[in-house]
1. Ordered by residue, what ³J(HN,Hα) values in Hz, to whole numbers, does region 405-422 give under the Karplus form 6.51 cos²θ - 1.76 cosθ + 1.60, where θ = phi - 60° and Gly and Pro are x?
2. With a cut-off of at most 13 other beta carbons within 10 Å, and DSSP calling the residue loop, which GluC sites (Glu not before Pro) in region 318-427 qualify? Please list them.
3. Sort 308-314, 153-159, 421-427 by the packing proxy (mean of other Cβ within 10 Å over each peptide's residues), most packed first.
4. What trypsin sites (Lys or Arg not before Pro) in region 375-419 are in a loop by DSSP, with at most 15 other Cβ atoms within 10 Å of the Cβ?
5. Just to confirm my numbers, what's the Cα centroid distance between region 149-180 and region 248-285 in Å?
6. Classify region 282-403 from the C-alpha gyration tensor, please: rounded if a/c falls under 1.5, else prolate or oblate depending on whether a/b exceeds b/c.
7. Mind listing the phi-derived Karplus ³J(HN,Hα) values for region 167-183, rounded to whole Hz, using 6.51, -1.76 and 1.60 with θ = phi - 60°, and x for any glycine or proline?
8. Taking loop as defined by DSSP and a crowding limit of 16 other beta carbons within 10 Å, which trypsin sites (Lys or Arg not before Pro) in region 181-260 fit?
Amino acid sequence: MIDRYGPMRSPMSSVFIRRERPSLMAPAGPVRRGPVLDGTMCCKLASVGTQMLWYPADRPYRVGGHAKYRIFRKFLCGDTLCRYIKEENKMQIATQLTNQPKTKPDQDQLGFGIHFSDHMFQMDYTPDLGWHSPHIEPYGPFALDPATMVLHYGQGIFEGMKAYRNASGDIQLFRPRDNFKRLNHSARKLCIPEIDVDFVMTALKELLRVEKDWVPAAAGTSLYIRPTIIATDPFLGVRASHSYRFFIILSPVGAYYAEGFNPIKILVTREHVRAVRGGVGDTKTMGNYAASLLAGQKAQDAGYTQVLWLDGVDQKYVEEVGSMNIFFVIGDELVTPELSGSILPGITRDSVLQLAQQAKMHVSERKISIDEVLDAYETGRLNEIFGSGTAAVISPVGEIKYEEQIIKIGDGSVGPVAQRFFDAIMDIQYSRVDDSMGWVEQV
Ligand code: COI
């Protein structure tokens, strides 16, 4: 193949020097432009002897709000230039804005996960290029081959985090890097290539700047962030996919449960288990949630909001509640099940533990059996139970049904420990107090 702008030489004999000149302007007058070998449209900026200066024609591009030209010095070799451009450009975030912005929903009627913002972030992975082609584009459906692997074998993972609007109107995130680190933990267990945490933080912030008007301001509302990776090979054999898509979508949300911060009723199931040790219960993979649906439906049919999950081996030890981690206040001890491999390492769970330790509470991460919970109830030491998770933050439990026994916790109102953590975490998330833990990151 011949580069339109000159004869092609062996890439081995080519030398490239990349220069960035943020203030360089494109030349006045006609410029030679045309595609190099991969189809990237390039412009010739100047010739100096046998050397030519080129830049990709779709520049200036925006990087963090600054206009830049990226200049390539070319020594008469098209294919090396095009590979160079591919490599150099592969992590530039291109932004295409919608020309049909949606009407924003009423902030007092948001619900959870119903509304979606105007734009989404997306990038793809292939073995030759790694993660590449990051871009922000109008929110919309993907066209997927019906054989796309995630649709058949569930090789997909996700995260949940939130952006908050503080009293000054600024937008901030709560421990977002921990979410991306956990996404990488899920990736390792699902044979998915890891993402670069710093890069996806940049991408997320860029998306949030585009969507800043979608971060609601009403009390208790936030913008839920759903980073997701799916396996995209169109292939029906069972193996890890070679190609993947990473995307981030945004949803303005209010309370997760219809009960809001009021105590929920939970049903202990022995018929179903959520996860087993050695499996993927400690990851945020789609299948864990699919596996929880039948038990959740049965609980709801019986008048309960959620299921309390026992361990998958002995069906004796408490693991999680619904899609949240669980805490018990027994006497003066704050207990949560230790991370056994089948429990999701929740970021809110960790925040509760750190705040409790800071407050010098008596905290334990240990096995806790359902028999111990019943015994604590019978002996009057079961003071509180609450769930913790990104979506609901803290969710007090008011009633548990285990086989034929019904346990009512406290007087049906929110307990002081649950209230304390709910307030403490929300105060940090909305910057109503100093962030002494260093958990908040500004957008
Ligand atoms: C969370 O609150 O952390 C969750 O995982 C809930 C989400 C799946 C909606």
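Computed from the coordinates by the stated procedures, all read-outs in this text should not be read as laboratory data. Keep in mind that this is a model prediction, so the values were computed, not measured. Note that each Cβ is placed from the backbone with ideal geometry, even for glycine, and that neighbours are counted across all protein chains shown.
1. My calculation for region 405-422 gives 9, 10, 10, 10, 9, x, 9, x, 9, 5, x, x, 6, 4, 4, 4, 6, 4 Hz in order.
2. On the way: sites: Glu319, Glu320, Glu333, Glu338, Glu365, Glu372, Glu378, Glu384, Glu399, Glu403, Glu404; in loops: Glu338, Glu403, Glu404.
When the GluC sites (Glu not before Pro) of region 318-427 are filtered for loop state and at most 13 Cβ neighbours within 10 Å, Glu338, Glu403, Glu404 remain.
3. Details: 308-314: 19.9, 153-159: 21.7, 421-427: 18.0.
Going from most to least packed, we get 153-159, 308-314, 421-427.
4. When the trypsin sites (Lys or Arg not before Pro) of region 375-419 are filtered for loop state and at most 15 Cβ neighbours within 10 Å, Arg381 remain.
5. 16 Å
6. oblate
7. Values per residue, Gly and Pro as x: 4, 7, x, 7, 9, 9, 10, 10, 6, x, 5, 5, 5, 5, 5, 5, 4 Hz.
8. On the way: sites: Lys181, Arg182, Arg188, Lys189, Lys205, Arg209, Lys212, Arg239, Arg245; in loops: Arg239.
Here the sparse-neighbourhood loop sites are Arg239.
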